[in-house]
Amino acid sequence: MADQAPADDFGAVTTRPPLDPELAPVEEARGAVFPALSDETLPEIRRQIAQGSPGLDSEALTAGGRVRVEERQVPGPEGEPDITVLILSPVEDRGPKGGILSLHGGGMIMGGRRDHVSHLLPHVIEGSAVVVSVEYRLAPDHPDPAPVEDCYAGLVWMAKNADELGIDPERLLIAGVSGGGGLAAGTALLARDRAFPALSHQVLICPMLDDRFETHSSRMVDREGVWDRYSNLYAWTSVLGGRRGGPDVSQYAAPARAENLSRLPRTYIDTGSAEGFRDEILIYAGRLSEAGVSVDFHMWGGAFHGFDMSVGHAAVSRASSATREEFIRRALAR
């Protein structure tokens, strides 16, 4: 189990840029709703998220009958339990489509397969994609490497069953949000190093990449919003236990640890200027480019972590969502 560490683990609070005026009231309200993460509060927070997450209802996911919703049990990692996947496919078959493996957010400690798939629905409705969302095991009940190995198992299953799913194996994407974004990056590294399957693109949405708390931004969100530095510390400690911040952390668990970022798929990666993951994302995007990877990087001014999925009406959220949607649309059309 994980416990919160004292404040002096971080050093002094660093300067945070101002929030976008449309986002600021929501950040303040969100911080008042959820208690600080701990072993005691995590079960209740998981329950609240499960009750309040949009898109949990199968009828809503069908988009008025245009999307087929299916769930299956598929093989997990060798010697481990099967995993559940949610499959969203277009009712109207227009030939082979791209496949998107979706990994939900929640810091690798909460959330489920029906979370964070709604932003991919337009591509299913358009008939250009099949989405497979993985119910990966969560820490602290199942620490590293369980989450990332489950995600890789889901990717392998999608690739091996591409024909049945109506997926073009040349158009395999992986997309993840927050903790799921870090898992997407880690899964892409696993796919590269295990030489299967070949991914065409990775979409890393405000990804959680680094367990070390060494950057300016990792220390600037202090007791504000939902995901401050204490929440982040709790999540990483849940995933890694006593290894967090030390030398024995796998690059697949914390992709910022990877020394070699070459031969990875074309990447979309984004962040907000006022979120704690900002600097690790900036560094990762730059290192991907240095390694010869084609990168579309976007930093949205005044935005906090997960802004576009919690304040969708804000102008900056609409711009972010449209930019990401267009990238995925181009990726699926290649």
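The values are calculated or read from the model by the stated rules, or taken from the named source; none is laboratory data. Nothing here was measured: the structure is a model prediction, and the numbers come from that model. Here the Cβ positions follow ideal geometry from the backbone for every residue, glycine too, while neighbour counts run over all protein chains shown.
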- For residue 207, the lone unmet condition from (1) surrounded by fewer than 24 Cβ atoms within 10 Å (Cβ to Cβ); (2) within 29 Å of residue 322 (Cβ to Cβ); (3) of a type outside the set (Gly, Ala, Ser); (4) touching an Asp or Glu at 6+ places or on another chain (Cβ under 9 Å) is (1)
- Some residue of segment 156-171 being modelled with pLDDT of 95 or more, in a loop (DSSP other than H, G, I, E, B) and farther than 30 Å from residue 333 by Cα: no
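Let's see how each residue does on (1) assigned to a loop (DSSP other than H, G, I, E, B); (2) out of contact with any strand residue (DSSP E or B) (no Cβ under 7 Å at 6 or more places or on another chain); (3) not charged (D, E, K, R):
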| residue | (1), (2), (3) |
| --- | --- |
| 207 | yes, no, yes |
| 223 | yes, yes, no |
| 227 | yes, yes, yes |
| 236 | no, yes, yes |
| 247 | yes, yes, yes |
- Query: Which of (1) touching a helix residue (DSSP H, G or I) at 6+ places or on another chain (Cβ under 7 Å); (2) modelled with pLDDT under 95; (3) exposed (fewer than 15 other Cβ atoms within 10 Å of the Cβ); (4) not hydroxyl-bearing (Ser, Thr, Tyr) is the odd one out, the single condition residue 37 does not satisfy?
  - Reply: (3)
- Do we find that residue 264 is in contact with a strand residue (DSSP E or B) (Cβ under 6 Å, 6 or more places away or on another chain), in contact (Cβ under 8 Å) with a residue 12 or more places away in the chain and either within 22 Å of residue 191 (Cα to Cα) or among the aliphatic types (A, V, I, L, M) (or both) in this structure? no
- State yes or no: is residue 229 surrounded by fewer than 20 Cβ atoms within 10 Å (Cβ to Cβ) and either in contact with a His (Cβ under 7 Å, 6 or more places away or on another chain) or among the charged types (D, E, K, R) (or both)? no
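Going through segment 101-118 one residue at a time, which ones are more than 22 Å from residue 41 (Cβ to Cβ) and in a loop (DSSP other than H, G, I, E, B)?
First, the residues of segment 101-118 that are more than 22 Å from residue 41 (Cβ to Cβ): 101-103, 113-114, 117-118.
If the condition is that a residue be more than 22 Å from residue 41 (Cβ to Cβ) and in a loop (DSSP other than H, G, I, E, B), then 113, 114, 117 are the ones that fit.
For (1) under 19 Å from residue 297 (Cα atoms); (2) surrounded by fewer than 22 Cβ atoms within 10 Å (Cβ to Cβ); (3) of a type in the set (Ser, Thr, Tyr), each residue gets a yes or a no:
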position: 211; (1), (2), (3): no, no, no
position: 214; (1), (2), (3): no, yes, no
position: 237; (1), (2), (3): no, no, yes
position: 254; (1), (2), (3): no, no, no
position: 262; (1), (2), (3): yes, yes, yes
- Go through the residues of segment 170-191 one by one and say whether even a single one is surrounded by fewer than 19 Cβ atoms within 10 Å (Cβ to Cβ) and more than 19 Å from the chain's Cα centre (by Cα). yes
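Test residue 87 against the criterion of being in contact with a strand residue (DSSP E or B) (Cβ under 9 Å, 6 or more places away or on another chain), of a type in the set (A, V, I, L, M) and on the phi < 0 side of the Ramachandran plot, and give yes or no. Break it down stepwise before answering.
On the way: in contact with a strand residue (DSSP E or B) (Cβ under 9 Å, 6 or more places away or on another chain): yes; of a type in the set (A, V, I, L, M): yes; on the phi < 0 side of the Ramachandran plot: yes.
For residue 87, the condition - in contact with a strand residue (DSSP E or B) (Cβ under 9 Å, 6 or more places away or on another chain), of a type in the set (A, V, I, L, M) and on the phi < 0 side of the Ramachandran plot - is met.
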- Which of the residues belonging to segment 250-298 are within 25 Å of residue 27 (Cβ to Cβ) and part of a loop (DSSP other than H, G, I, E, B)? 273, 274, 275, 276, 277
